[in-house]
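Working notes for the structure below.
A short reminder: the numbers here are calculations on the coordinates, not readings from a lab. It should be emphasised that the depicted structure is a prediction, and the values quoted were computed from it without experimental measurement. Here Cβ is always computed from backbone atoms with ideal geometry, including for glycine, and neighbour counts include all displayed protein chains.
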Ligand code: TYD
């Protein structure tokens, strides 16, 4: 039995968490066995690493340290949570995964792409998502949404506009290079429109990989 591994990606403030949560509701309503996790985090060890990564006190964190910490948090959640869930046929909805590393550490921090690929391989041992949604929107709208949410910026959110622009462009590039598993959603659209687009893709893709959505109702 093998599950369905879905990841949600985008710049900070793109609305992916809202979308992931609506998908969860849909899965629950259909009695589809699933779990929701977020990265970095999702296990005790990974949540501790998350705290290190996002702490504004760590402004001096080196880019390679950052890469390794994201990788460490990921290795733990992959082995402790994601692989076991997929192995028993569950759908796994993961809020950020390897494409975040490629976009933020690769494009944002401009670390060498081979180094990024090696860190990703080390962390995942080759576990790739089946389907990835990229929520793309202008950085102005993203910033506005973050401000409306009223949360203060963490260490990565506090990065320069140029950094976030590289991340956004990087994501679009990654989506093109991996078009077989990527769906780019226009995150400027109303929440409901995006929800419908996501569900339509999930539905079609599930059929393609033989993951049963209907019989589990
Ligand atoms: P996120 O959980 O989306 O933040 P929030 O809960 O505040 O919306 O992600 C935390 C931050 O970590 C985000 O700025 C993106 C960054 N990140 C990376 O730089 N590399 C990675 O590999 C991952 C998973 C996240």
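Annotation for residue 44 and residue 112: the two label points, set 7 Å from Cα along the Cα-Cβ direction, are 3.8 nm apart. Taking the longest Cα principal axis of the chain as reference, the axis of helix 44-54 is set at about 40 degrees. Shape of the range 87-217 from its Cα gyration tensor (a ≥ b ≥ c, root eigenvalues): rounded if a/c is under 1.5, otherwise prolate when a/b > b/c, or oblate? Oblate, because a/c is 1.5 or more while a/b does not exceed b/c. Taking the longest Cα principal axis of the chain as reference, the axis of helix 161-177 is set at about 40 degrees. When the P(r) of the range 5-209 is calculated, the portion above 27 Å amounts to 26% of the C-alpha pairs.
Each stretch of four or more DSSP H residues adds -39500 (n - 2.57); spread over every residue of the chain, this sum gives -15000 deg cm²/dmol at 222 nm.
Taking the average, over residues, of other Cβ atoms within 10 Å as the packing measure, peptides 195-202, 12-19 rank 12-19, 195-202 from highest down. Placing pseudo-labels 7 Å out from each Cα toward the beta carbon at residue 208 and residue 55 gives an inter-label distance of 4.3 nm. For the pair the range 122-179 and the range 188-205, the centres of their Cα atoms are 19 angstrom apart.
For the range 1-25 and the range 40-102, what is the separation of their Cα centres, given in Å? If you average the Cα positions of each part, the centres end up 15 Å apart.
Against the main long axis of the alpha-carbon atoms of the chain, helix 113-124 sits at an angle near 50°.
Most tightly packed first, judged by the mean number of other beta-carbon atoms within 10 Å of their residues, the peptides 158-169, 56-67, 91-102, 127-138 read 91-102, 127-138, 158-169, 56-67. Annotation: peptides 79-90, 173-184, ranked by per-residue average of other Cβ atoms within 10 Å with the highest first, follow the order 79-90, 173-184.
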